[in-house]
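Pasting a structure below so you can have a look.
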2 protein chains.
Amino acid sequence: MLRINGNRLCEKLFEMAKIGATTKGGVCRVALTEQDKLGRDLFIKWCLEIDCVVDIDQLGNIFARRLGRNNAAPAVMIGSHLDSQPTGGKYDGVLGVLAGLEVLHTLHDANIVTDVPLEIVSWTNEEGARFSPAMVASGVFAGEFSLDFAYNREDKVGTKLLDALVEIGYKGKSEVGNRKYKATFELHIEQGPILEAAKKSVGIVTGVQGIRWYNLLLNGKETHAGPSPMSFRKDPMLTLSRLLPRIFELTKIHGPDAKVTVGYINAFPGVRNTVPGYLDISVDMRHPCEEILFKMHQDLTAIVNVEKHIDQDVGHLELVWYSPPVMFDTGCIEAVKKATEKLAIPSMEIVSGAGHDAVYISKVAPTSMIFIPCTDGLSHNELEHAEKVDIINGTNVLLAAVLEMANDCDLEFRN
Amino acid sequence: MLRINGNRLCEKLFEMAKIGATTKGGVCRVALTEQDKLGRDLFIKWCLEIDCVVDIDQLGNIFARRLGRNNAAPAVMIGSHLDSQPTGGKYDGVLGVLAGLEVLHTLHDANIVTDVPLEIVSWTNEEGARFSPAMVASGVFAGEFSLDFAYNREDKVGTKLLDALVEIGYKGKSEVGNRKYKATFELHIEQGPILEAAKKSVGIVTGVQGIRWYNLLLNGKETHAGPSPMSFRKDPMLTLSRLLPRIFELTKIHGPDAKVTVGYINAFPGVRNTVPGYLDISVDMRHPCEEILFKMHQDLTAIVNVEKHIDQDVGHLELVWYSPPVMFDTGCIEAVKKATEKLAIPSMEIVSGAGHDAVYISKVAPTSMIFIPCTDGLSHNELEHAEKVDIINGTNVLLAAVLEMANDCDLEFRN
């Protein structure tokens, strides 16, 4: 059976990690910086070495194409991103791109030609660390945002994404989104603890959980902590003391896949001896099932409404973002599953907790993802780590799944 | 019966409020600024007009002395402060100083000489808005801090208190704390809602509640809000959801005089889609009774310890400041009470929720305070307001109480 070259893949991973390397062993290769340009240059050099045809679109997305037998047919695509968080790790994104490269390299060495062409894609600005929102370029590709919207994103010092793109010489000519795919795959570290805890080398990603983001404002009356008896106060912390247990209780009510995160509780004025005038609280709720996530939304609203019945002016719950759950393509999921079975790799089905370029791409092409464990679930961190055995297993599964979708039969996959 | 001149007092209050007047009707006369100097100059001018002898000590505390029959005897003192918060009101502090002036003015006009001398004191930097801690000068006077400690307090731009004092020309020669008092009184706005709600014109202040300040640190593990199931998380917000109701419950357990304030809950990193790595929480507990406040302390410790039994690394409760309850002098309290009765002014006993110069002075001299209501309990605010009728009532009570303590009998007080 055909296998990828794990040493070659890891060498390339570490070679790429030198670009923007941090002292703590991580990577700072933020989108559209000089480091990003160097990473792109290296990636393209490697693609050209295995005879890929490289194209760059108007958003700097890089497409490296390996021709097949029928080049008019939609390609099978492997995509992820080369940009990193400011204090990111060596695997997030770049693994998916270089695993794609290794898959094509393996086919190149074995002189295997697929029925349909293959493409590796590196998407611009997946992290959103410099230009918000995240995944903006795959979003434009999928028709979620306009090209103008993306071009006008600004970083902290007011530089527009378009200008940064031109600056590093990566504004290409191809129209964004003018490519059709038969299937697309993204290999990524899990960025969570599930696979590691379950001792599975590969996660067959069936979808991405839905997300609801809320701003919860709780009103109070700013009062000196000394003179006012409790009965005279309007204290939003007291309201919070009733709400917080009920909000977390939602994770018990709605089962083990329900997640609730309160990231901050900002008190104003936020001084020790003053009852806050108001609290600004974030609530992040997630669930893989749209109906259950909606029920959680109803319950959260009801919890706040109970307080409103006591005090009309208690505050306000506002839904600020909703990303519905994504179910990946059953054909692509099946191809991944079949690959793990063929290769006898310990695997399990898993739902992605985080967003990925694959979420947007899944709107315009059959898509699924492959996860591998990362140590302690650590990601967006310079200490991010993935084991070589899992990198190899995940990339072999990617190879097999790609071949499954790129050929009418899987004859070439046999040794 | 002898009465103060309310119009004259209010004219002086408004004249003083012109120095550092803000557009919203408040005052910005921060300690040891040019505005503070102008306020001090005006106050001294007024004291000299009624033949007081003015002395300034090494911390800029101003002592205006009206001679009595026995000038070797300890004086009766009326003290407060002329400095304000950056966005302060027209009454906080200055009322106590100018009410003292009005009391002496009234005696001056009536040619009344008391057995012991009288003094008005304006204490330097009561607010602590520029130089922390608050009440530092009365603190040095009472032996709570050293003179060097006070001199070396720095403002935000690194200016030392000593240099600011010299700069405005108010570093006097008298040793700080070398004066003895028979009795001292401080008239102040309540800075709380109790008198207004009870429709009382004067509060007979029996003491100052004790204060315990805590830092509560709750540990978590920084985790992406997406991938980690709830059962994998170490979420300090979840710990908080158990602790917060129990902390506020202490006010129910320990009765209507118990106060608990949580001024801030700072989450780190404090972003929407990350389980916080830790929370930094302030807890302010107050009670007029030392034993009950200690019981509250024990209960709070026990509440945190319950969590420690579940997780040794749950966090840490640290007492960062303790100010024991103060019981004012029964003789001084009695003098105030007798005055309200003689004058038939609606009054009630009250415990001060905030700190005042009188707290430190009470350590070295028989002391009590007189409160008057302020609208909506509002203070440290440009909209701070006190009604003229209450100002007059409070100052008449001050006059009567001072005379009660300054004479062997109260013959002169009769009309």
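The values are calculated or read from the model by the stated rules, or taken from the named source; none is laboratory data. Please read all numbers here as calculations on a predicted model, not as lab measurements. Please note: Cβ atoms are built from the backbone with ideal geometry, for glycine as well, and neighbour counts cover all protein chains shown. Surface accessibility is based on the protein's heavy atoms, side chains included, excluding ligands, DNA and RNA. Shrake-Rupley method; radii C 1.70, N 1.55, O 1.52, S 1.80 Å.
Is it true that A:S323 is at the interface with chain B (Cβ under 7 Å from one of its Cβ atoms) and of a type in the set (S, T, Y)?
On the way: at the interface with chain B (Cβ under 7 Å from one of its Cβ atoms): no; of a type in the set (S, T, Y): yes.
So A:S323 does not fit the description; no.
Only helices (runs of 4 or more DSSP H) wholly contained in the range B:112-168 count here; list those with 1 or more residues that are among the β-branched types (V, I, T) and either more than 20 Å from B:F63 (Cβ to Cβ) or open to solvent by 20 Å² or more (accessible area, probe 1.4 Å) (or both). Don't jump to the end; show me each part of the working.
On the way: elements: B:136-141, B:147-151, B:161-167.
Because the criterion is at least 1 residues that are among the β-branched types (V, I, T) and either more than 20 Å from B:F63 (Cβ to Cβ) or open to solvent by 20 Å² or more (accessible area, probe 1.4 Å) (or both), the helices (runs of 4 or more DSSP H) in the range B:112-168 that meet it are B:161-167.
Are any residues in the range B:175-192 within 14 Å of another protein chain (Cβ to nearest Cβ) and either open to solvent by 20 Å² or more (accessible area, probe 1.4 Å) or of a type in the set (G, A, S) (or both), and if so, which ones?
Pass one, the range B:175-192, residues within 14 Å of another protein chain (Cβ to nearest Cβ): B:188-192.
Listed by number, the list holds a single entry, B:G192.
List the number of the failed condition for A:G172; all other conditions in (1) within 14 Å of another protein chain (Cβ to nearest Cβ); (2) at pLDDT 95 or above; (3) part of a loop (DSSP other than H, G, I, E, B) hold.
(1)
Which of the residues belonging to the range B:377-407 are acidic (D, E) and under 18 Å from the mean Cα position of the chain (by Cα)?
Quick first cut of the range B:377-407, residues acidic (D, E) only: B:382, B:384, B:387, B:390, B:404.
Passing the criteria: B:E382, B:E384.
Being touching a Phe, Trp or Tyr at 6+ places or on another chain (Cβ under 9 Å) and either modelled with pLDDT under 95 or not in a helix (DSSP H, G or I) (or both) narrows it down to one of A:A386, A:A401, so name that one. Spell out the reasoning first.
Numbers: A:A401 fails: either modelled with pLDDT under 95 or not in a helix (DSSP H, G or I) (or both).
None of the others qualify; the one that does is A:A386.
Go through the range B:65-90 and give me each residue that's closer than 30 Å to B:L383 by Cα and either free of Cβ contacts under 8 Å to residues at least 24 places away in the same chain or touching a strand residue (DSSP E or B) at 6+ places or on another chain (Cβ under 7 Å) (or both). Spell out the reasoning first.
Just the residues of the range B:65-90 that are closer than 30 Å to B:L383 by Cα, to begin with: B:77-90.
Correct list: B:M77, B:I78, B:G79, B:S80, B:H81, B:L82, B:S84, B:G88, B:G89, B:K90.
Here's a check for you: in the range A:232-241, which residue that is of a type outside the set (F, W, Y) and facing another protein chain (nearest Cβ under 7 Å) is farthest from B:T223 (Cα to Cα)?
Taking the range A:232-241 first, the residues of a type outside the set (F, W, Y) are A:233-241.
Filter again for facing another protein chain (nearest Cβ under 7 Å), leaving A:237-238, A:240-241.
On the way: A:M237: 25, A:L238: 27, A:L240: 23, A:S241: 23 Å.
Step by step, filter the range A:232-241, then rank; the result is A:L238.
For the range B:329-371, give me each residue that is touching a Lys or Arg at 6+ places or on another chain (Cβ under 9 Å), away from chain A (no Cβ under 13 Å) and under 17 Å from B:G207 (Cα atoms).
B:S347, B:M348, B:E349, B:V364, B:A365, B:P366 - these are the residues of the range B:329-371 that are touching a Lys or Arg at 6+ places or on another chain (Cβ under 9 Å), away from chain A (no Cβ under 13 Å) and under 17 Å from B:G207 (Cα atoms).
On the basis of being loosely packed, with under 15 Cβ neighbours inside 10 Å and among the small types (G, A, S), does B:A354 make the cut?
Details: loosely packed, with under 15 Cβ neighbours inside 10 Å: no; among the small types (G, A, S): yes.
The answer is no for B:A354.
Can you tell me which of (1) open to solvent by less than 10 Å² (accessible area, probe 1.4 Å); (2) touching a residue at least 60 places away in the same chain (Cβ under 8 Å) is the one A:L104 doesn't meet?
A:L104 satisfies all of (1) open to solvent by less than 10 Å² (accessible area, probe 1.4 Å); (2) touching a residue at least 60 places away in the same chain (Cβ under 8 Å) except (2).
Within the set of pairs 6+ apart or on separate chains, which have a first residue in the range A:28-47 that is in the same structural domain as A:L101 (by TED's automatic domain parsing) and within 18 Å of A:A137 (Cβ to Cβ), a second that is of a type in the set (D, E, K, R) and assigned to a helix (DSSP H, G or I), and C-beta atoms under 7 Å apart?
A:R29/A:D36; A:V30/A:D36
Only one of these is touching a strand residue (DSSP E or B) at 6+ places or on another chain (Cβ under 7 Å) and hydrophobic (A, V, I, L, M, F, W, C): B:I4, B:I19, B:I56, B:I50. Name it.
Working: B:I4 fails: touching a strand residue (DSSP E or B) at 6+ places or on another chain (Cβ under 7 Å); B:I19 fails: touching a strand residue (DSSP E or B) at 6+ places or on another chain (Cβ under 7 Å); B:I50 fails: touching a strand residue (DSSP E or B) at 6+ places or on another chain (Cβ under 7 Å).
It is B:I56.
Of all residues in the range A:252-270, which are more than 8 Å from every other protein chain (Cβ to nearest Cβ) and over 28 Å from A:G220 (Cα atoms)? Give the steps one after another, and end with the answer.
Quick first cut of the range A:252-270, residues more than 8 Å from every other protein chain (Cβ to nearest Cβ) only: A:252-255, A:268-269.
Once the filter is applied, which keeps residues that are more than 8 Å from every other protein chain (Cβ to nearest Cβ) and over 28 Å from A:G220 (Cα atoms), the range A:252-270 yields A:K252, A:I253, A:H254, A:G255.
Right, another one. Collect the residues in the range B:330-349 that are hydrophobic (A, V, I, L, M, F, W, C), assigned to a loop (DSSP other than H, G, I, E, B) and surrounded by fewer than 19 Cβ atoms within 10 Å (Cβ to Cβ), keeping them in residue-number order. I'd like the intermediate steps shown before the answer.
Keep residues of the range B:330-349 that are hydrophobic (A, V, I, L, M, F, W, C), which gives B:332-333, B:335-336, B:339, B:343-345, B:348.
Checking which are assigned to a loop (DSSP other than H, G, I, E, B) leaves us with B:344-345.
Passing the criteria: only B:A344.
Out of the residues in the range A:357-387 that are open to solvent by 40 Å² or more (accessible area, probe 1.4 Å) and in contact with a Leu (Cβ under 9 Å, 6 or more places away or on another chain), which is farthest from A:P325 (Cα to Cα)?
Result: A:H385.
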